[in-house]
Amino acid sequence: MSLPASGGDRFSTITPDDHGGLIYIATLMSLTYSLITFVARCFIKWKLFGVDDWAMAAAQVLTVAQFIAIVVALSSGLGKTYNLLTDGQYYSMVKAQYANQILLYASLCLSKCSVILLIRRVFTRDMKSFWVICTVMLGAIVVWGIASIIGICAGCLPTEYGALSTNMKCAGWTLRYKLVVIFDIITETILVLIPIYLVWGIQMSMKLKLRVIIAFAFRLPIITFALLFLYYTLRIPLSQNPGVSASPALIHQQAELGYSLISATIPCLKSFLKSFDTGLGLAVGYTQNAYGSGGYGGSYKMESLSKSVGSVGGDGGLRGEGRLRPEKIKNTTRVYSGRIEGGGMAREGSVASGSGGSQEMIIRRDVQWDVRHDDVRPGTAQ
């Protein structure tokens, strides 16, 4: 495919000696789509903001910072043939790109942290063993992020940065990126496998299980972007024009970051779609039971009541405008509730802390209701 001809009043040209325009496109698309997704996430969870959302907010801030750094590098000649740059432009470019790499991997780390924190928040409210698994994984991700930043920077001055330097002064530069990408892929794979492990033992329909698994499996393309980044990065030292050869690696790195941020919000999108439900389809306030046993498949979801219209008298009869039947019938209603935690039944009448009227997504909170209603006419009661 031939490159567009240069000339005219353009923000950035694309020529055989200048691929900076391609990096601009990838960077702008990554930032734009990730910001749109983050705004959608804020709308989805406006009143339910948790630590996973704050981690994503921090990742988005760092993404904007790395965008600024790469724009500075592009303005100084990133993606161009080095022979076209002055010494001042070259050193300005490598310093900005050095900062970009630090900020980019910090943002990737926080994006992963947001996902594992979301998994821990959704799955492990009543499952302490799974909480430990998620917490250990969270620690591993943080260690990976810190080690990645140290690995690509230790012993390398900004002016000697290996990814853009013709002299390759940083010892073991290619090995560093190999290790960073390998553990990046390992952590992403585990982030996809953990929801499968957690949801597989839950008593729910296979359709709902697959829905949860697919929501987190959207992160799998990140592995492809990481491998492509590593492939093109390892080709830079072999190229006669390393300035231009670095552009495919940087493009795939920006794609990885952008998609990582976007896919971290995908598990929340069902709530986003439900928020636009007008109720005209009679879907609001009614849900099918997600569990597959015991004949509760068509049960109704009981929600918190704001205020009663009528009042209950001493004999159990209903007075006021809420009364619908003229007969003097004594009504007796008994409601029993129970909550299952780890296979055991909670004490009758107990209420889980923080769950009353909650709109938060919860997986594996088993609640049973037993409602009994007796109508007794006057004179027949004992």
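Values quoted throughout were computed directly from the atomic coordinates according to the rules given, and no laboratory measurement underlies them. Only a predicted model underlies this, so the values are computations on that prediction, with no experimental measurement involved. Cβ coordinates were reconstructed from backbone atoms using ideal geometry, including for glycine residues, and neighbour counts include every protein chain displayed.
One table, with the values for the structure above:
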| quantity | calculated |
| --- | --- |
| Amide H contacts of Lys80 (H built 1.01 Å from N, under 5 Å, at least 5 apart or other chain) | His19 |
| Cα Rg, Dmax, the range 20-274, angstrom units | 19.2, 65 |
| Virtual spin-label span in nm between Asn241 and Tyr33, 7 Å along Cα→Cβ | 2.7 nm |
| Neighbour-count ranking [beta-carbon atoms within 10 angstrom, fewest first] of Cys153, Cys109 | Cys153, Cys109 |
| Theoretical FRET efficiency, 1/(1+(r/R0)^6), r = Cβ-Cβ of Arg211 and Asn83, R0 51 Å, to 0.05 | 0.40 |
| Among the listed pairs Lys80/Lys178; Lys47/Lys178; Lys128/Lys178; Lys45/Lys178; Lys47/Lys112, those beyond 31 Å (Cα-Cα) | Lys47/Lys178; Lys128/Lys178; Lys45/Lys178 |
| Added length on full extension, which subtracts the Cα-Cα distance from 0.36 nm per residue, Ile190 to Gln203 | 2.4 nm |
| In Hz, Karplus ³J(HN,Hα) per residue of the range 76-85 (6.51, -1.76, 1.60; θ = phi - 60°; x = Gly, Pro) | 8, x, 4, x, 9, 5, 4, 5, 7, 9 |
| Calculated FRET value between Ile25 and Ile182, using beta carbons and R₀ = 35 Å, to 0.05 | 0.80 |
| q = 0.11, 0.15, 0.20 Å⁻¹: log10 I(q)/I(0) that the Debye formula gives for the range 154-262, counting C-alpha atoms only | -0.47, -0.71, -1.02 |
| For the range 79-151, size of Cβ-based charge dipole, Lys and Arg +1, Asp and Glu -1, in debye | 280 debye |
| Loop-resident sites, the range 41-130, for trypsin sites (Lys or Arg not before Pro), counting at most 13 other Cβ within 10 Å (DSSP) | Lys47 |
